[in-house]
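Written below as structure tokens is the structure these notes are about.
The values are calculated or read from the model by the stated rules, or taken from the named source; none is laboratory data. A quick note: this is a predicted structure, and the numbers were derived from the prediction, not measured. As a convention, Cβ positions derive from the backbone with ideal geometry for all residues, glycine included, and neighbour counts pool all protein chains shown.
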Amino acid sequence: MRRRLLLLTGATTALVLAALLVPLTLLTRSHAADRATAEATARAQWVAATAGPVLAGGARGVTDVGQTMQSVNGPGLPRTSLILVDGTVVGAPARVTDAVRLARTGRAFTYEPPDGGRMVLVPVHGAPEGTAVVQVALAERQLYAGVLTSWLVLAGIGAGLVALGLVLADRLGARLVGATRALAGTAVRLAAGDLTARAQPAGPPELRLVGDELNRLAARIEQLLAAERENAADLAHRLRTPVAALRLDAETLRDPAEAERIATSVAALELGVDEVIRRARRPLSDSAPTADLSAITRDRTAFWLPLAEDQDRTVEVHTPPGPLPVRVPRDELAAALDALIGNVLDHTPHGTPFRVTVRSRGDAAELLIQDDGPGFATSDTAERGISGAGSTGLGLDIARRTAQESGGTFTAQSAPGARVTLTFPAHTG
């Protein structure tokens, strides 16, 4: 934007200056020629007025006129000649031309000869033999003396005005671009989840209006999100009562093994409800904690292993021996793993083996879950609410959001069987 504004200002200023300076340069040239012609005419008239009475004195007068003509033909001055009636030339060399013959009729005039320059002819009255003629010849350089200097001055003025326009446009562009970038920075912070970000309205009225509306939008989003999180926390809190009733019912069972199994499930449900409440209460500005992808993968696979064994499945787990931290909250990573492993157990035939692999990929960590089942029923496997097996269709979407919200990627393929790959940015701090 800043560069385009500079180009627009420079082009506009140059066009305006060209429209003004081109006629001005032509006027300067014409003015220089008129001034030189006026000076030459004044010189010729002075010589004619001086030579007339002198020539009336005869031969002695011609000698005096010769001295006068030497004084007016100094270096750099126009060539001044006195052409007598008999064709004798006093002063600068000259020829008797038709213009000279016309001037002898008593007319003073100016004309431009074919070879360039300008001639001024003035008749001299008073000579006894007839009319003599004073001729002043202006060369091109004398006729347009000073024009080049004037043009250079005008060009300098034009260049200065263009430079001044560019400086002013640059300052204006810097102000506009700075205000726009500040708004964009605030929008980026809001998009990243920092709802405390506010713009400082600056620049022209339109950008200040955008900044005010952006601040109002941020405040409204913060209010709506806070209300939604409170509603989620309240709803989760209400679940505690039926969960507590289930735990009491589990304790009354006569079969100890069955009671322990149900109590374990109820305890896991209670932990899930508590986690929902904690997450709903957690400020969005909190930095995302890190989790050990290897450890959580082994833990969640071990959790699902009894059910896999009941279904006669072979489970392979490959993880690095050491920790592999990623920038994902532990509970979200565990939920994504549970969703993916649960999908395998729920939507593939009993006895279908599956593999869970964790590996490092440079500055990223990769989680791969694949099975030997029939694969995905539809191509839109990661779309929220879409499922080809009669479920809610939220499992793969949970995994996808977990990966993408952390800055990673999600891919799901059928080649053959199901193959789901999640990448997470590795935590290097």
Pick from 85, 122: which is touching a residue at least 40 places away in the same chain (Cβ under 8 Å) and closer than 14 Å to residue 40 by Cβ?
122
Could you tell me whether residue 104 is more than 23 Å from residue 146 (Cα to Cα), surrounded by 11 or more Cβ atoms within 10 Å (Cβ to Cβ) and assigned by TED's automatic domain parsing to the domain that holds residue 141?
yes
Residues that are polar (S, T, N, Q) and in contact (Cβ under 8 Å) with a residue 24 or more places away in the chain, drawn from segment 89-108:
105
Selection from segment 196-222 of residues that are surrounded by 14 or more Cβ atoms within 10 Å (Cβ to Cβ) and part of a helix (DSSP H, G or I)
207, 208, 210, 211, 214, 215, 218, 222
When residue 24 is evaluated against the numbered criteria (1) more than 15 Å from residue 154 (Cα to Cα); (2) modelled with pLDDT under 90, which criterion, by number, is the only one it fails?
(1)
What are the pairs with Cβ atoms under 7 angstrom where one residue, in segment 359-374, is in a loop (DSSP other than H, G, I, E, B) and the other, located anywhere, is buried (at least 17 other Cβ atoms within 10 Å of the Cβ)? Sequence gap at least six, or different chains.
363/426; 372/352; 372/353; 372/417; 373/348; 373/352; 373/417; 373/418
With respect to residue 186, determine if the residue is touching a helix residue (DSSP H, G or I) at 6+ places or on another chain (Cβ under 7 Å), in a helix (DSSP H, G or I), at pLDDT below 85 and farther than 17 Å from residue 21 by Cβ.
no
Determine if segment 108-122 includes at least one residue that is over 60 Å from the mean Cα position of the chain (by Cα) and of a type in the set (Gly, Ala, Ser).
yes
Among strands (runs of 3 or more DSSP E) entirely within segment 58-150, at least 3 residues that are touching a Pro at 6+ places or on another chain (Cβ under 7 Å) occur in 132-138
Can you tell me which residue within segment 395-426, out of those that are assigned to a loop (DSSP other than H, G, I, E, B) and more than 19 Å from residue 328 (Cα to Cα), is modelled with the lowest pLDDT?
415
What about residue 173, is it in contact (Cβ under 8 Å) with a residue 24 or more places away in the chain and either surrounded by fewer than 16 Cβ atoms within 10 Å (Cβ to Cβ) or in the same structural domain as residue 84 (by TED's automatic domain parsing) (or both)?
no
Answer yes or no as to whether residue 301 is modelled with pLDDT under 85 and surrounded by 17 or more Cβ atoms within 10 Å (Cβ to Cβ).
no
Of the listed residues (161, 225), the one being part of a helix (DSSP H, G or I), at pLDDT below 85 and not assigned by TED's automatic domain parsing to the domain that holds residue 87 is 225
Can you tell which of 373, 351, 322, 390 is modelled with pLDDT of 90 or more and more than 30 Å from residue 193 (Cα to Cα)?
351
Scan segment 232-259 for residues that are farther than 14 Å from residue 269 by Cβ, modelled with pLDDT of 75 or more, in a helix (DSSP H, G or I) and not aliphatic (A, V, I, L, M) and jot them down.
256, 258
Name the one entry in 146, 203 that is farther than 24 Å from residue 10 by Cα and touching a residue at least 24 places away in the same chain (Cβ under 8 Å).
146
